[in-house]
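The structure appears below as structure tokens.
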Amino acid sequence: MTEDEAAAAVRQWGERAPDAVLLDGFHALKHALRFGADVPLAVTSDKAAALALAEALADDLTGTLAERLVEIPAKALRELVPRIHPTGVAALAVRPERRANLDALSRAPREAPVVVLDNPRNLGNVGAVIRLAAGFGATGVVTTGDMDPWHPNAVRAGAGLHYATAVERLPLPELPPGPLYALDPEGDDIRSLTLPDDALIAFGSERHGISPELRERATRLVALPMRPQVSSYNLATSVAMALFHWGGPGPGRD
């Protein structure tokens, strides 16, 4: 890679970054590419090391990364991103069209639930939930409140898997259609029921739980099994337990 090509990549980064999604690290770039993200620019401080990582962990993308990755000096990379990922890789991607995500969330019949995070307060937790939702094949993740689920910290925690499911922020009255199952300690034991494929499964924050407004809208309150005197689970743990229950055998399932 020539100095001119590296300089051009740095210049393009400055032009594109304000409107782009930051893919921070090799794994975020890997997942985004696998799930069809439009990635106009990818850079690294060590292309040979990045391609060796691809050969070991993502051989399906080695050729693509060999063509797309532009090697730039480590000093230049430090100026482009808030903190360099240990893999020395960063990329910019186009955020999916909101209309397409909304259509996916509202399409009927749904074959998998939508996870609803009611006014989440931790971007790392949001990203972890999106990663879980992608892994379980959930239709999408919707957040309420003022936190952007596409914030760089959430995308980093989600390892780029925002592109594997529909991720949007919506006001409570505009949630997708479907029966709303809200997780609450006072609800029915989740093991006693079947979560339908078209369900909205809603989770509040660890500290405050679901909002009164969401509670009023709920079709049913459900609770996860928990030992007495334990106050709560981590948000991502709660989502994993609920999605595992949805996808596994249970009442009414074969």
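I'm told Pro176 meets every condition in (1) surrounded by fewer than 11 Cβ atoms within 10 Å (Cβ to Cβ); (2) in contact (Cβ under 8 Å) with a residue 60 or more places away in the chain except one. Can you identify the failing condition by its number?
(1)
Take the residues in segment 97-123 that are over 19 Å from Ala242 (Cβ atoms) and open to solvent by less than 40 Å² (accessible area, probe 1.4 Å); name whichever of them is nearest to the chain's Cα centre (by Cα).
The selected residue is Leu123.
All but one of (1) surrounded by fewer than 22 Cβ atoms within 10 Å (Cβ to Cβ); (2) in contact with a helix residue (DSSP H, G or I) (Cβ under 6 Å, 6 or more places away or on another chain) hold for Gly158, so report the exception by its number.
Just one mismatch for Gly158, condition (1).
Which of the residues belonging to segment 65-76 are open to solvent by 50 Å² or more (accessible area, probe 1.4 Å) and in contact with a helix residue (DSSP H, G or I) (Cβ under 8 Å, 6 or more places away or on another chain)? Reasoning before the result, please.
Residues of segment 65-76 open to solvent by 50 Å² or more (accessible area, probe 1.4 Å): 67-68, 71, 73, 75.
The answer is Glu71, Pro73.
Here is a list of conditions, (1) farther than 23 Å from Tyr233 by Cβ; (2) open to solvent by less than 50 Å² (accessible area, probe 1.4 Å); (3) in contact with a helix residue (DSSP H, G or I) (Cβ under 7 Å, 6 or more places away or on another chain), and Val126 meets all of them except one; can you say which number that is?
With respect to (1) farther than 23 Å from Tyr233 by Cβ; (2) open to solvent by less than 50 Å² (accessible area, probe 1.4 Å); (3) in contact with a helix residue (DSSP H, G or I) (Cβ under 7 Å, 6 or more places away or on another chain), Val126 is out only on (1).
The values are calculated or read from the model by the stated rules, or taken from the named source; none is laboratory data. Since the model is a prediction, treat every value here as computed from it, not as a measurement. Virtual Cβ from ideal backbone geometry, glycine too; neighbours counted across all protein chains shown. Just so you know, the surface numbers come from the protein's heavy atoms only, side chains and all, with ligands and any DNA or RNA stripped out. Shrake-Rupley method; radii C 1.70, N 1.55, O 1.52, S 1.80 Å.
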